[in-house]
Amino acid sequence: MTIRSLAIASLAIFAAACSSTRIPTAEVATHNDTSRNIPKIDNMIVDLKKSYISQCYEPILAKNPPENQCQTELFQMLERRYHLNYNQQNIDQASNDLFFRDVDSRLRKMVRTDPEVRSAVRSGAFRNADEMLSYYKEKYAFDTRSQN
């Protein structure tokens, strides 16, 4: 009887592990071009992404009803695009749209108000705000498929 229970429990754990979801991470990206290594921007994006993951992404991934504006926006976008048949890759795509909308406004504000960031950007790191946003989108995108 004990062996049978152990086998069933092992099978249940294996099935759960195979169907489990991966929570995105928020870590400082590496930059191949040293002129684009602007720690204040990286830290701002990482802090914002950690907050977004815990306050918006995880509750929607768990299929919990929205409780705040961020969750509501994400859920509504998913519902419009995929109805209620969304999966984690769909959440990643929608999160990229919503998260980087906020990152864009914060990046623009940092360039205007922070002399250190403005100097780094002006010294040739980026030609314009769109190029800067595109670069950081690539570095900090939600993509749970590529995580190991």
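The values are calculated or read from the model by the stated rules, or taken from the named source; none is laboratory data. Quick caveat: nothing in here was measured; it's all calculated off a predicted structure. Cβ coordinates were reconstructed from backbone atoms using ideal geometry, including for glycine residues, and neighbour counts include every protein chain displayed. Side chains are part of the model used for accessible areas, which takes the heavy atoms of the whole protein and leaves out ligands, DNA and RNA. Shrake-Rupley method; radii C 1.70, N 1.55, O 1.52, S 1.80 Å.
Quick one: in region 112-148, which of the residues that are of a type in the set (Gly, Ala, Ser) and not in a loop (DSSP other than H, G, I, E, B) is least open to solvent (accessible area, probe 1.4 Å)?
Applying the filter and picking the extreme gives 125.
Each row is one residue, and each column tells you yes or no for (1) closer than 16 Å to residue 27 by Cβ; (2) in a helix (DSSP H, G or I); (3) touching a residue at least 12 places away in the same chain (Cβ under 8 Å).
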{"site": "57", "(1), (2), (3)": "yes, yes, yes"}
{"site": "63", "(1), (2), (3)": "no, no, no"}
{"site": "70", "(1), (2), (3)": "no, yes, yes"}
{"site": "101", "(1), (2), (3)": "no, yes, no"}
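Taking region 112-132, which residues are aliphatic (A, V, I, L, M) and either modelled with pLDDT of 95 or more or farther than 16 Å from residue 48 by Cβ (or both)?
If the condition is that a residue be aliphatic (A, V, I, L, M) and either modelled with pLDDT of 95 or more or farther than 16 Å from residue 48 by Cβ (or both), then 120, 121, 125, 129 are the ones that fit.
In region 77-92, which residues are open to solvent by 70 Å² or more (accessible area, probe 1.4 Å), in a helix (DSSP H, G or I) and either without any contact (Cβ under 8 Å) to a residue 24 or more places away in the chain or touching an Asp or Glu at 6+ places or on another chain (Cβ under 8 Å) (or both)?
79, 80, 81 - these are the residues of region 77-92 that are open to solvent by 70 Å² or more (accessible area, probe 1.4 Å), in a helix (DSSP H, G or I) and either without any contact (Cβ under 8 Å) to a residue 24 or more places away in the chain or touching an Asp or Glu at 6+ places or on another chain (Cβ under 8 Å) (or both).
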